[in-house]
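Colleague: Let me give you the structure first, and then I'll get to my questions.
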Amino acid sequence: MKFAIRLLFTALGFISAGAFAQTAWDMPTPYPATNFHTENIIQFAADIEKATAGKLKITVHANGSLFKANEIKRAVQGGQAQIGEIILSGYTNEDPLFGTDGVPFLATSYAEAKKLWVAQKPFVEAKLAKQGIKLLYSVPWPPQGIFSAKPIASATDLKGVKWRAYNPQTSRIAELVGAQPVTIQAAELSQALATGAVSAFMTSCATGYDSKVWEQVKYFYDAQAWLPKNAVLVSQKAFDALDKAGQEAVLKSAAAAEERGWKISEEKTKFYLAELAKNGMKVEDPSAALKADLKKVGDTMIAEWVKSAGTDGQAIIDAYKK
Ligand code: PCA
């Protein structure tokens, strides 16, 4: 009798485990928990948990805490993480098409960035699919400008300066203006500034705000040079292992996150710029001379990118310009 009861309970246990099968995903992301991309991701994870009645639970590991920024794509590809966030242009050396949105002065407003994404997306999707990765959504950073400890009147003032880079393009800019590039991911930016490892860089007002750069850096030149994008990627294998309802919850929540993210990015730009000023930074337009110097850098880099990206790159440009 006792044995029969135990058997019965065991059987019930199996049934309930089947009916309430729980899937847990780890999601490494590169940027701080309070960054707008991360907050959007946390909402995305909550939407999925709700839509699946708790069957799919995504734990977000922000700020490079589970995998460093440059390790996240490989982790998703290799199945060490089921899902993750990357900055697409961080992978320009792997394939120039990933870095379309990192090319200076190709697309400089949210509307242009959207148009460029429509042209770029099918190529990024296909490339990732070959690597067993499914693209879920992508959201841009605010337009990129120049942060500097010292005032910059023209590119000449950047000669010899220790320049923080976050992707191949920001390194290339340093080379073209005669600065010294050092690659440092956002999670280490505050420390690099505090130790004097770098004193100038290009990024968004959002990252300037996240890293409280005003403690060392006093100038922001709002060059609006490009809008790089983050992308949320899932392992195709992990996605395929979900039931139909789970897959639909992920796709629907991703579409909502993409729409929400583009809106928040654009809307929060004003807030970030105001915060930089409020904390004692000079927020200015670049001088005519600096603008002209940056334009020259952009022209060089657009030509270099078109050359490296071949016929697919040309197809993206043609679709974008149409
Ligand atoms: N912030 C990220 C990438 C682009 C941006 O605006 C960074 O500085 O690392």
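The values are calculated or read from the model by the stated rules, or taken from the named source; none is laboratory data. Because the structure is predicted, anything quoted here is derived from the model rather than measured. Neighbour counts run over all protein chains shown; Cβ positions are idealised from the backbone, glycine included. Protein only, heavy atoms only, side chains kept; ligands, DNA and RNA dropped before computing areas. Shrake-Rupley method; radii C 1.70, N 1.55, O 1.52, S 1.80 Å.
Colleague: What accessible area per residue comes out for the chain, rounded to a whole number of Å², with a 1.4 Å probe?
Modeller: On the way: 14940 Å² over 322 residues.
Value for the chain: 46 Å² per residue.
Colleague: For the charge dipole of the chain, defined by +1 on Lys and Arg C-beta atoms and -1 on Asp and Glu C-beta atoms about the Cα centroid, which residue among Leu294, Ser265, Tyr137 has the Cα displaced farthest towards the positive pole?
Modeller: Highest projection toward the positive end goes to Tyr137.
Colleague: When only Cα pairs under 8 Å and 6 or more residues apart are kept, what is the percent relative contact order across segment 116-207? Display every interim value, and only then the final one.
Modeller: Values: 107 pairs, mean separation 30.2, N = 92.
Across segment 116-207, relative contact order equals 33 percent.
Colleague: When DSSP assigns beta bridges and you keep just the ones with both residues in the chain, what percent turn out antiparallel, to the nearest 5? Walk me through the numbers before you get to the answer.
Modeller: On the way: 20 of 35 bridges.
Around 55 percent of the beta bridges assigned by DSSP in the chain are antiparallel ones.
Colleague: If ligands, DNA and RNA are left out, what is the accessible area of Val182 with a 1.4 Å probe, given in Å² to the nearest 10?
Modeller: Probe radius 1.4 Å; accessible area of Val182 about 50 Å².
Colleague: Would you mind checking the tilt of helix 110-130 against the longest principal axis of the Cα atoms of the chain, expressed as 0 to 90 degrees and rounded to 10?
Modeller: Result, in degrees: 50.
Colleague: Give the calculated FRET efficiency between Lys295 and Asp243 to the nearest 0.05, with a Förster radius of 56 Å applied to their Cβ-Cβ distance. The partial results should precede the final answer.
Modeller: Working: r = 52 Å, r/R0 = 0.94.
Efficiency, rounded to the nearest 0.05: 0.60.
Colleague: Considering only protein heavy atoms and a probe of 1.4 Å, how much of the accessible area of segment 191-262 is carbon and sulfur, as a whole percent? Before the final figure, lay out the partial values.
Modeller: Values: 1370 of 2730 Å².
The computed percentage sits at 50.
Colleague: So how strong a dipole does segment 131-231 carry about its Cα centre when Lys and Arg Cβ are +1 and Asp and Glu Cβ are -1, to the nearest 20 debye?
Modeller: On the way: 9 positive and 6 negative charges, 23 e Å.
It comes to approximately 120 debye.
Colleague: While we're looking at this one, here's another question. On a full-extension model of 0.36 nm per residue, what is the gain between Ala255 and Thr156, subtracting their alpha-carbon distance, rounded to one decimal in nm? Intermediate values should be presented prior to the final figure.
Modeller: On the way: separation 99, 0.36 × 99 = 35.64 nm, distance 4.41 nm.
Extending this stretch completely gives an extra 31.2 nm.
Colleague: OK, next. If I fit a long axis through the Cα atoms of helix 288-321 and take the longest principal axis of the Cα atoms of the chain, what angle between them do I get, 0 to 90°, rounded to 10?
Modeller: 40
Colleague: Relative contact order for the chain: what is it in percent, counting Cα pairs under 8 Å that are at least 6 residues apart? Intermediate results must be reported in sequence, preceding the final value.
Modeller: Working: 564 pairs, mean separation 77.8, N = 322.
The normalised contact order for the chain reaches 24 percent.
Colleague: If you don't mind, there's one more thing I want to ask. From a point 7 Å beyond the Cα of Thr23 in the direction of its Cβ, which residues of segment 214-240 have a backbone N at a distance under 12 Å?
Modeller: 234-240
Colleague: Let me ask something additional. Note down the relative contact order for segment 46-93 as a percent, whole number, built from C-alpha pairs under 8 angstrom at least six residues apart.
Modeller: Working: 21 pairs, mean separation 10.4, N = 48.
With pairs under 8 Å counted, the relative contact order is 22 percent.
Colleague: Given Cα positions, please report Rg to Rh for the chain, the hydrodynamic radius being the Kirkwood one.
Modeller: Working: Rg = 22.1 Å, Rh = 20.8 Å.
My calculation of the ratio gives 1.06.
Colleague: How many angstrom separate the Cα center of segment 220-291 from the Cα center of segment 20-66?
Modeller: 16
Colleague: Now for a separate question. Apply 1/(1 + (r/R0)^6) to the Cβ-Cβ distance of Ala46 and Lys114, taking R0 = 25 Å, and write down the FRET efficiency to the nearest 0.05.
Modeller: Numbers: r = 26 Å, r/R0 = 1.03.
Taking R0 as 25 Å, the efficiency between Ala46 and Lys114 is 0.45.
Colleague: So, one more: Of the heavy-atom accessible surface of segment 89-187 (probe 1.4 angstrom), what whole percent is carbon and sulfur?
Modeller: Details: 1970 of 3540 Å².
Answer for segment 89-187 is 56 percent, counting heavy atoms of protein chains only.
Colleague: Helix 244-278: angle to the longest alpha-carbon principal axis of the chain, degrees 0 to 90, nearest 10?
Modeller: That helix lies at roughly 30 degrees to the long axis.
Colleague: Give me the Å³ per residue figure for the convex hull around the C-alpha atoms of segment 245-322. Before the final figure, lay out the partial values.
Modeller: Values: hull volume 14.4 nm³, N = 78.
With only Cα atoms used, segment 245-322 gives 185 Å³ per residue.
Colleague: Assigning unit charges at the beta carbon (Lys, Arg +1; Asp, Glu -1) and nothing else, what dipole magnitude in debye, to the nearest 20, does the chain show about its Cα centre? Don't jump to the answer; show the numbers that get you there.
Modeller: Details: 37 positive and 32 negative charges, 81 e Å.
Roughly 380 debye for the chain.
Colleague: Additional query: Calculate the spin-label point distance for Ala194 paired with Ala129, positioning each point 7 Å from the Cα along the beta-carbon direction, and give it in nanometres.
Modeller: Placing both labels 7 Å beyond Cα along the Cβ direction yields 4.6 nm.
Colleague: Also: Report, in deg cm²/dmol and to the nearest 500, the calculated mean residue ellipticity at 222 nm for the chain, where each DSSP H run with n ≥ 4 adds -39500 (n - 2.57) and the sum is divided by the residue count.
Modeller: Numbers: 10 runs with 158 residues, N = 322.
So the calculated ellipticity at 222 nm is -16000 deg cm²/dmol.
Colleague: How big, on average over all directions, is the shadow cast by the Cα convex hull of segment 197-292, in nm²?
Modeller: On the way: hull surface 35.5 nm².
Average projection, Cα convex hull of segment 197-292: 8.9 nm².
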